[in-house]
Amino acid sequence: MSLDILGLMEKEQDSNVTEFVLLGLSSSRELQLFLFLLFLFFYIAILLGNLLIVVTVQANSHLLQSPMYYFLCHLSFIDLSLSWVTVPKMLGDFLQQSKTISFSGCLAQIYFLHFLGGSEMFLLTVMAYDRYVAICNPLHYVRVMNSQLCLRLVLVCWCGGFIHSIMQVILVIQLPFCGPNELDNFYCDVPQVIKLACMDTYVVEVLMTANSGLLSLVCFLVLLFSYAIILITLRTHFCQGQNKVLSTCASHLTVVSLIFVPCVFIYLRPFCSFAVDKIFSVFYTVITPMLNPLIYTLRNADMKIAMKKLRIKPCGILLPC
């Protein structure tokens, strides 16, 4: 969809602000160089770790037919894409004196950040449902979680993320900006941008909280409820392989906490912001996408076996043995 269709070009002409200044994580030149090297390492780890999971699952038909690994493949693809939205810009800004982003570029960041972030929240909820069916209703698992349902659930996740992101962009695009234009973050996001609007933003901030804040909170509570039922089921019905199931649930809960706790903290608080918000932003845009491959593979025997079967052929393409 072009900028002309969205009306972004007209919006830039109507507003006195055509670009925003990103204050970043630090103003110290020495610290910025250290952060550049640190986040460059994080970014390489994100790319290699998530790409390895996607390739491993796609190259192994047994894993690809399993709903859990099918969803995990999509989760890694989302994390891979999410890192492209904020980290390359942040790395470039560490090496520059002027850290600016155009109005249209800012809106693009908001759109893709919430599109991918919303899709990931819905996908994590679907993954919790998958574990619930597998543990609490194992005899009907294959029939319930068939390939058609898995495909539909993934499509619903992507559509839900799209609708969520469009609503976020609509909240911002209608606001007038006449200065100042400094964003106290390393990327554009709705809470910081709204505060720069030269109008009363009470209604807009309430709508933002109702959209992003409640979405994060409701998905988080549904996830906690699902895993609570799973843990209760495991306690009352001892089953073979219980330790493996507990390990899987523990890894899922770790990911859920790293993503949802920062999002609930940031988006469920209208009308105020704290300096620590930037630290929480780092968690769900950088740290979580980096840790997900480790959390889901280090204690997962099936993934480790599948990775060992991968070989690099002379043509340079990864293929299963």
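The values are calculated or read from the model by the stated rules, or taken from the named source; none is laboratory data. Here the structure is a predicted model, which is why all the values come from computation and not from measurement. All Cβ positions, even for glycine, are placed from backbone atoms using ideal geometry, and neighbour counts span all protein chains on display. Quick note on the areas: whole protein, heavy atoms, side chains included, nothing else; ligands and nucleic acids left out. Shrake-Rupley method; radii C 1.70, N 1.55, O 1.52, S 1.80 Å.
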Subject >> Stretch gain in nm, segment I305-T100, where the contour uses 0.36 nm per residue and the Cα spacing is subtracted >> reply: 69.2 nm
**OP:** Express the C-alpha Rg of the chain as a ratio against the empirical globular expectation 2.2 N^0.38 Å, rounded to two decimals.
**Re:** 1.07
Subject >> Percent carbon-and-sulfur accessible area, the chain, ignoring ligands, DNA and RNA, probe 1.4 Å >> reply: 68
Original post:
For segment 19-304, what is the accessible area per residue in Å² when the probe is 1.4 Å?
Top reply: 45
**OP:** Grab the Cα-Cα distance for L37 and S61, subtract it from 0.36 nm times how many residues apart they are, and report the gain in nm with one decimal.
**Re:** 4.9 nm
Subject >> Leading residue at positive end of dipole, the chain (Cβ point charges), from V142, L40, C198 >> reply: V142
Original post:
Quick one: length gained pulling V21 to V218 fully straight, 0.36 nm per residue minus the C-alpha distance?
Top reply: 67.6 nm
Original post:
Assuming R0 = 30 Å, what is the FRET efficiency of V203 and V261, from their Cβ-Cβ distance, to the nearest 0.05?
Top reply: 0.65
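What FRET efficiency comes out for the pair Y141/F280, r = Cβ-Cβ distance, R0 = 35 Å, nearest 0.05? Don't skip to the end; give the middle numbers.
Details: r = 36 Å, r/R0 = 1.03.
Efficiency, rounded to the nearest 0.05: 0.45.
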Original post:
Dipole of the chain, Cα-centred, from +1 at each Lys and Arg C-beta and -1 at each Asp and Glu C-beta, to the nearest 20 debye?
Top reply: 1640
Original post:
When the helix-only estimate is applied to the chain (DSSP H runs of n ≥ 4, each -39,500 (n - 2.57), divided by the residue count), what is the mean residue ellipticity at 222 nm, nearest 500 deg cm²/dmol?
Top reply: -23000 deg cm²/dmol
Subject >> Cα-based Lys pair tally, segment 19-304, threshold under 30 Å, eight or more apart or on separate chains >> reply: 7
**OP:** Order I78, I44, most accessible first, counting only protein heavy atoms with a 1.4 angstrom probe.
**Re:** I44, I78
**OP:** Using Cα pairs closer than 8 Å and at least 6 residues apart in sequence, work out the relative contact order for segment 44-120, in percent.
**Re:** 31
**OP:** Can you tell me what the convex hull of the Cα atoms of segment 56-139 projects to on average, as an area in nm²?
**Re:** 7.3
